Amino acid sequence: MLEMRVFGLAIDPLTNAPIVILKDAEDKNVLPIWIGPLEASAIATELEKIQLARPMTHDLLKDIFKSMCVIVSKVVITDIEDNVYYAVIHLAHGNNHYAIDARPSDAIAVALRTNAQIFVENKVLEKSKNSDMGKQAGHTREGAGKGSDRQADWLEMLENLSPENFGKYKM
């Protein structure tokens, strides 16, 4: 299992779909996950520290956890099957520990709001590099897949990006 951070958000130039980009501390491993626009907005709002008049869903979860003395200990991107990513939010309440199934985008949005660590299972990194997405239509999303050549190109490009290459995500 490898600790990663949200490196940024990008837009797929072919589909205009948002992509959340995770990188490890040494910038050796990159995991792009195509997400929906609402999920990207929730992540961008927290990355940019935008204060809204009313709490969004992930802010509500954070407030519920806080009022119930529940700690988000970590989130883990656990698997990728048929180009669908899976995640778990790990919670602690006293001596009790819970693992809650979640979409990666939701888990990441919660982690950002609660300052929880984000981990990716090694098998997810391997599967994402070696997936057979070229055989499927669509694009890599928490749901669908698109060309392994294209993914390899994306991974190579993302590995060489620096934070200065990113502009602000437009909501």
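Residue separation times 0.36 nm, minus the C-alpha to C-alpha distance between TYR98 and ILE71: what's the value?
Here the answer is 8.7 nm.
Taking every eigenvalue of the Cα gyration tensor of the range 71-131, multiplying by 5 and rooting it, what semi-axes result, largest first, whole Å?
Whole-Å semi-axes of the equivalent ellipsoid: 23, 11, 9.
Rounded to the nearest 0.05, what FRET efficiency do GLU126 and ILE11 have when you use their Cβ-Cβ distance and R0 = 30 Å?
It comes to 0.70.
With respect to the cross-link table entries LYS49/LYS127; LYS66/LYS123; LYS28/LYS66; LYS74/LYS123; LYS66/LYS129; LYS62/LYS129, which display a Cα-Cα separation exceeding 29 Å?
Check vs 29 Å cut-off fails for LYS49/LYS127; LYS66/LYS123; LYS28/LYS66; LYS66/LYS129; LYS62/LYS129.
Bear in mind that the values in this text are calculations on the coordinates, not laboratory data. Everything numeric in this text was worked out from a predicted model, so none of it was measured. FYI the Cβ positions are ideal-geometry reconstructions off the backbone, even for glycines, and counts take in every protein chain you see.
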